[in-house]
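Remarks on the structure that follows.
The values are calculated or read from the model by the stated rules, or taken from the named source; none is laboratory data. Computed from a predicted model, the values in this text were never measured in an experiment. Here Cβ is always computed from backbone atoms with ideal geometry, including for glycine, and neighbour counts include all displayed protein chains.
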Amino acid sequence: MAAILAVDDEKPILELIKKGLQKDGHTVTGYPSAEQVRKEQIAALAHDFKTPLTVVQGNADLLNETKLDAEQHLYTEYIQSGCQQMEVYLKALIDLSQADSGYPLQKEEIDLDDYLKRLRRQMEALWQTSKTHLQMEVRDLPATMRADSLLLERAILNVVNNALDYSPQGSFPYVLVTGDDNTLQLSVTDTGKGFSKQDLIHAQEPFYRADQSRSSGLHMGLGLFIAQTIVHQHGGELILANSEKTGGAKVTIRIPYE
């Protein structure tokens, strides 16, 4: 039986996707209508790929439960691994297409006390799985604000996940939520090695990934890009810096209350 090679390097695929979204070396942000149609078709195709991929994955799982020899088990594991990687790529395509076209905002009045308590529980669950310890401080906030609660939550958790990815186990990433007369400000500071000069320039671009030696895991490089898109749609800004206190990366979300 011919050997089947496992695919373990996603960089060529990511580069192809990234090049398709660039023109003259710069990320394209103002697409003509024909280009927008093409992107929507790609997103639809990515959705359509999920069904046959699920069939392949399911049958590989079933095969692995039957009486196979060692070589056959190895081949089914290659299939399962390949399916998992394809799922990651498809999710990246769908996420990128949605972010590029803009998310439909459904703003509502948010009770900030309840909202932040729920976010804290989600953050604590994330931190527990990575064996880091949540520190969160909230002060000087109004009772309510208007925003798309689900999209804002996604932006915040993307920033939190980014901090977790670059924080060593047992560390104490810090979340500070404050406000002034007009703006909510949420900053997440990790205790990793901080942003490099290149990171500060490019970290909000799609598929940008920092030096893997700074990271505790693999990711697709879309978290900060998606967070930035959501924050900008709310009329806010996403600010990258390094903390003078910890030396780690500091990401700040600023969004107007209205």
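Annotations
- All positions within the stretch 110-138 that are small (Gly, Ala, Ser) and surrounded by fewer than 12 Cβ atoms within 10 Å (Cβ to Cβ): ALA125
- Residues being in contact with a Gly (Cβ under 6 Å, 6 or more places away or on another chain), assigned by TED's automatic domain parsing to the domain that holds ILE226 and either of a type outside the set (Lys, Arg) or closer than 14 Å to VAL251 by Cα (or both) are represented in the stretch 129-148 by at least one member.
- Residues satisfying the stated conditions in the stretch 225-258, i.e. β-branched (Val, Ile, Thr) and surrounded by 19 or more Cβ atoms within 10 Å (Cβ to Cβ): ILE226, THR229, ILE230, VAL231, VAL251, ILE253, ILE255
- Entry remark, the stretch 120-149: residues being without any contact (Cβ under 8 Å) to a residue 12 or more places away in the chain and of a type in the set (A, V, I, L, M) number 1 in total.
- Selection within the stretch 154-190 - aromatic (Phe, Trp, Tyr) and either within 17 Å of THR229 (Cα to Cα) or part of a loop (DSSP other than H, G, I, E, B) (or both): TYR166, PHE172
- Yes/no for ASP165 being surrounded by fewer than 22 Cβ atoms within 10 Å (Cβ to Cβ), acidic (Asp, Glu) and under 20 Å from ARG254 (Cα atoms): no
- VAL88 surrounded by 12 or more Cβ atoms within 10 Å (Cβ to Cβ), β-branched (Val, Ile, Thr) and outside the structural domain of ASN182 (by TED's automatic domain parsing): yes
- Residue check for ASN162: more than 19 Å from ALA125 (Cα to Cα) and assigned by TED's automatic domain parsing to the domain that holds LYS250: no
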